[in-house]
Amino acid sequence: MTPAARVNAAIGVLDRVLSGTPAEAALLGWARASRFAGSGDRAAIRDLVFEALRRRDSLAALGGALTGRGLMLGLIRARGEDPALTFTGQGHAPEPLNAAELAATDAAAAEALPDLPEWIWPDWQTSLGAEALPLAHAMRARAPVWLRVNPRRASVEAARAALAGEGIETAPHDALPTALRVTAGERRIAGSGAYRDGMVELQDLSPQFACAALPLSKGDRVLDFCAGGGGKSLALAAREDLRLTAHDAAPARMSDVPERARRAGVRIALSPPDGLGADYDLVVADVPCSGSGTWRRTPDAKWRLTREGLDDLRKVQAEILSRVAPLVRPGGQIAYMTCSLLDAENGDQVDSFLQQYADYRQEFRKSWTPESGSDGFFLAILRRDEGAR
């Protein structure tokens, strides 16, 4: 496909997304209907769609309309390119620009937009203060890809060498050497020997920092309460020999955990929904949240979130904290985590919990942003009093 044909395909996908279809479903539908498109075409169109969604409002302002065509026109203008070279109407290119589309736009006004849903902007400002607009704009950029080296399988040097041998270039983080930023070859990771052999796992930098901050001792009983695919369980098991149990309200989400654990060389038990036990040294609660810290990766999600949806998530978060509170032994800890930048899901939830549970106190609280980590992420460590019953 030519670059112009890819833009035209992205226009069609975006129109479906703007009419209510989730981005992944719209992209999959296009791919199934376009068997002629190669893997390079599919990847390029996905990149165009996701870039447009990250910057939806500002690109619509530059393109003159909140449509797939308007977003692609805005994107080309934002890149400083001549849209007439793409909108030619020739072959599979988009139709030529009309008079309204050729009209001048206010680039400065477009740049000043936060590219966030209007209803959430006050919450974002309250949570982030003077950093609200810079961090909103940081969400416009594509997120970097990070790997976590598994010391059970390889040293950092060996893992980097194995990756480089397959065309995947990496750079370690100064403060966390086991975190590798992928600088080239990211699309080769899933098929690489280093990944298949458990030397590395895909994990963003911010949750890597959070997992590294958790207090662990050999033999600790640890419960990963919202385990999902098991990423944090794997990270903790790689650090220390633990008695680690993974749990999820939807057990099917953990279907890949046994194989991932085998590949990583660690042991993770799966808990049935009603067989949690108690007296854990540490309960990790990486709760369902808005994902506002990951909107660079899932830009469709920020436009699909509603106030009602956020309120429902906050209720679930509070319920999970109440559920795990009695599972911790006296002197043990809860690690409350979200991939959100919003106070309503982070500090406010912790403060409310501490007001209700007098036998808990906060020991640690930290937020990471795209400026200090990679994704937005929050961690609070809450210790239960030794004398608690």
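Here is how the numbers come out for the structure above:
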item: Tally, over segment 308-329, of residues that are touching a Lys or Arg at 6+ places or on another chain (Cβ under 9 Å) and of a type in the set (A, V, I, L, M); result: 2
item: First in segment 296-315 and in contact (Cβ under 8 Å) with a residue 24 or more places away in the chain and assigned by TED's automatic domain parsing to the domain that holds L341, second anywhere and among the hydrophobic types (A, V, I, L, M, F, W, C) and surrounded by fewer than 16 Cβ atoms within 10 Å (Cβ to Cβ), Cβ under 7 Å, 6 or more apart; result: R296/A141; R307/W119
item: The lone exception for E201 - which of (1) in contact with a Leu (Cβ under 7 Å, 6 or more places away or on another chain); (2) in a loop (DSSP other than H, G, I, E, B) it fails; result: (2)
item: When residues of segment 196-226 are limited to those that are under 15 Å from the mean Cα position of the chain (by Cα) and hydrophobic (A, V, I, L, M, F, W, C), the one nearest to A171 (Cα to Cα); result: L205
item: Among residues of segment 86-108, those that are at pLDDT 95 or above and either surrounded by 20 or more Cβ atoms within 10 Å (Cβ to Cβ) or hydrophobic (A, V, I, L, M, F, W, C) (or both), counted; result: 5
item: Wholly enclosed helices (runs of 4 or more DSSP H) of segment 72-140 bearing at least 3 residues more than 18 Å from W295 (Cβ to Cβ); result: 99-102, 107-112
item: Test for L14: is it touching a residue at least 40 places away in the same chain (Cβ under 8 Å) and hydrophobic (A, V, I, L, M, F, W, C); result: yes
item: Qualifying positions in segment 229-254 - farther than 21 Å from A213 by Cα and outside any loop (DSSP other than H, G, I, E, B); result: P251, A252, R253, M254
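The values are calculated or read from the model by the stated rules, or taken from the named source; none is laboratory data. All values reported here derive from a predicted model rather than from experimental measurement. FYI the Cβ positions are ideal-geometry reconstructions off the backbone, even for glycines, and counts take in every protein chain you see.
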